[in-house]
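Undergrad: Below is one structure. I have some questions about it.
The values are calculated or read from the model by the stated rules, or taken from the named source; none is laboratory data. All figures in this text were calculated on a predicted structure; none of them were measured in a lab. Virtual Cβ from ideal backbone geometry, glycine too; neighbours counted across all protein chains shown. Accessible surface areas use protein heavy atoms only, side chains included; no ligands, DNA or RNA. Shrake-Rupley method; radii C 1.70, N 1.55, O 1.52, S 1.80 Å.
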Amino acid sequence: MAEIDRSLIGTAAAPFVVEVETGAIRRFAEAIGDPNPLYCDEAFARAQGFPGVVAPPTFPTSFRPPADPPWMIGLDRRRIVAGEVAFAFVRPIVSGMTLECRLRFVGVEAREGRKGSMELIRQEMTGHDGDGLVFTHARTTVYRSLEQVERKSLG
């Protein structure tokens with residue numbers, strides 16, 4: 001299959017800034033169905049020692065660069081599905097933070113599954129604020145073969 005440009009492994013997309021807003025955290029918590037008051041009640045979060053509403057651990061999945069990274073340009077969107085994700089935090093993400101995020105292409109692996117061939121695109125996003133690293137978000141994107149997509153659309 002080998003459609004992903006492996007020469008780009010180790011490169012990073014341009015950094016982008018995320019302004020962490022209370023409303024965005026609340027909407028995200030509602031969307032995932034988590035009623036934890038840390039995620040929606042600023043007074044409660046402050047009483048627990050946080051400077052603002054705390055974001056759920058999976059919140060960085062909502063951070064998107066303004067443009068596709070170079071290793072994703074030209075790929076057929078119908079063939080892309082989400083894979084595994086993992087998060088590591090130095091500190092929690094809280095409302096009021098300004099994060100500089102950077103997405104890096106870590107690697108790609110060809111796999112054969114029961115439904116056909118695929119490539120696993122490994123990426124890592126980091127988020128820093130003025131005090132340093134806040135989080136690392138590792139994610140795998142599955143790039144399915146064209147045959148898989150065409151078979152599914154044919155029934």
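Undergrad: Considering (1) closer than 20 Å to G127 by Cα; (2) modelled with pLDDT under 95; (3) among the charged types (D, E, K, R), say which one D5 fails and leave the rest.
TA: Only one criterion is unmet by D5, namely (1).
Undergrad: Go through the stretch 85-116 and give me each residue that's open to solvent by 70 Å² or more (accessible area, probe 1.4 Å), modelled with pLDDT of 95 or more and not aliphatic (A, V, I, L, M).
TA: F89, E100, R102, R104
Undergrad: Restricting attention to the stretch 60-73, report how many residues are over 16 Å from E119 (Cα atoms) and open to solvent by less than 60 Å² (accessible area, probe 1.4 Å). If you could, list the steps in order and put the result at the bottom.
TA: So in the stretch 60-73, the residues over 16 Å from E119 (Cα atoms) come out as 60-70.
Remaining after also requiring open to solvent by less than 60 Å² (accessible area, probe 1.4 Å): 60-63, 65, 69.
Summing the residues that are over 16 Å from E119 (Cα atoms) and open to solvent by less than 60 Å² (accessible area, probe 1.4 Å) in the stretch 60-73 gives 6.
Undergrad: Of the residues that sit in the stretch 118-130 and are in contact (Cβ under 8 Å) with a residue 60 or more places away in the chain and open to solvent by less than 30 Å² (accessible area, probe 1.4 Å), which one is nearest to V54 (Cα to Cα)? Talk me through it step by step, then tell me what you get.
TA: The initial filter retains those residues of the stretch 118-130 that are in contact (Cβ under 8 Å) with a residue 60 or more places away in the chain, namely 118-119, 121, 125, 127.
This time we only want the ones that are open to solvent by less than 30 Å² (accessible area, probe 1.4 Å), so: 119, 121, 125, 127.
Values: E119: 35, I121: 30, M125: 19, G127: 15 Å.
Only one residue fits best here, namely G127.
Undergrad: Any chance you could count how many residues in the stretch 71-98 are in contact with a helix residue (DSSP H, G or I) (Cβ under 9 Å, 6 or more places away or on another chain), of a type outside the set (V, I, T) and in a strand (DSSP E or B)?
TA: The total comes to 2.
Undergrad: Moving to a separate point now. May I ask you to list pairs of residues, at least six apart or on different chains, whose Cβ atoms are under 6 Å apart, with the first in the stretch 30-47 being closer than 17 Å to V20 by Cβ and at pLDDT 95 or above and the second being open to solvent by 60 Å² or more (accessible area, probe 1.4 Å) and among the charged types (D, E, K, R)?
TA: Sorted first by the residue in the stretch 30-47, then by its partner, the pairs are C40/R26.
Undergrad: Taking D76 as meeting all but one of (1) over 20 Å from T136 (Cα atoms); (2) open to solvent by less than 70 Å² (accessible area, probe 1.4 Å); (3) touching a strand residue (DSSP E or B) at 6+ places or on another chain (Cβ under 6 Å), write down the number of the exception.
TA: (3) is the only condition that D76 fails.
Undergrad: Let me ask something else about it. Could you tell me whether any residue of the stretch 36-50 is open to solvent by 70 Å² or more (accessible area, probe 1.4 Å), closer than 23 Å to F135 by Cα, out of contact with any Asp or Glu (no Cβ under 6 Å at 6 or more places or on another chain) and assigned to a strand (DSSP E or B)?
TA: No - not one qualifying residue is present in the stretch 36-50.
Undergrad: Starting from the stretch 131-146, take each residue that is in contact (Cβ under 8 Å) with a residue 12 or more places away in the chain and list its partners that are open to solvent by 20 Å² or more (accessible area, probe 1.4 Å) and in a helix (DSSP H, G or I), counting only C-beta distances under 8 angstrom and pairs at least six apart or across chains.
TA: Pairs found: H137/T61; R139/T61.
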